[in-house]
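Working notes for the structure below.
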Amino acid sequence: SMIEKEAANDTEQYTIASVIYNRLNKDWPLQIDSTTLYESPDHEGAPTAEMLAKDDPYNTRIKLGLPPTPISNPGIASINAALWPDATDYFYYALDTATGTHQFFTNETDFNNFVATQNYE
């Protein structure tokens, strides 16, 4: 369900799945904004600082592992991506506001540099 909510298209789903598995395998927080937004369905845009700091089981910015329940109903492409993710070294991704698709990164520095160029609102 996280793959379904995060991916901009069916082809991205396999790479996003790889990031999720890579983070789970390293015991890193998933840091998926759509899980944090799950408990605020009327909120539009990115999570607020208050949301990201809230001690909540759906806040994967601070909680390790998967959230307690699915956050959406995944389609077949998301299910396939979860079963057969791409094999990558990616640990980060961010939305490219110019293209509406995601960029993927192997390290935090490249990720942060890219995010600094985006105008997320």
How much of the accessible area of the chain, probe 1.4 Å, is carbon plus sulfur, in whole percent?
50
Using the 2.2 N^0.38 Å rule of thumb for compact globular proteins, work out how the stretch 41-84 stacks up: its C-alpha Rg over that value, please.
1.41
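Mind checking the per residue accessible area of the stretch 1-92 for me, 1.4 Å probe, whole number of Å²?
Heavy-atom SASA per residue in the stretch 1-92 reads 57 Å².
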What is the magnitude of the charge dipole of the stretch 1-94 about its Cα centre, with +1 placed on the Cβ of each Lys and Arg, -1 on the Cβ of each Asp and Glu, and no other charges, expressed in debye to the nearest 20?
280
Length gained when the stretch Asp110-Asp89 is fully extended (0.36 nm per residue, less Cα-Cα span)
6.2 nm
Extent of the chain along each principal axis, from alpha carbon coordinates, in Å, largest to smallest?
34, 33, 26
If I require 15 Å or longer along the helix axis, counting alpha carbons, and a Kyte-Doolittle average no lower than -1.0, what helices from the chain are left? Use full DSSP H segments.
13-25
Listed residue (Ile71, Asn9, Gly100) projecting farthest to the positive dipole end of the chain, Cβ model:
Ile71
Geometric extent, Cα atoms of the stretch 70-116 - Rg, Dmax (angstrom)
13.1, 34
Could you list, bin by bin from short to long, the percent of Cα-Cα pairs of the stretch 1-48 in 5 Å steps?
4, 21, 25, 23, 18, 8, 1
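The values are calculated or read from the model by the stated rules, or taken from the named source; none is laboratory data. All values reported here derive from a predicted model rather than from experimental measurement. Positions of Cβ are backbone-derived with ideal geometry, glycine not excepted, and every protein chain shown enters the neighbour counts. Each accessible area value is taken on the protein alone, full model and side chains, heavy atoms only, with ligands, DNA and RNA left out. Shrake-Rupley method; radii C 1.70, N 1.55, O 1.52, S 1.80 Å.
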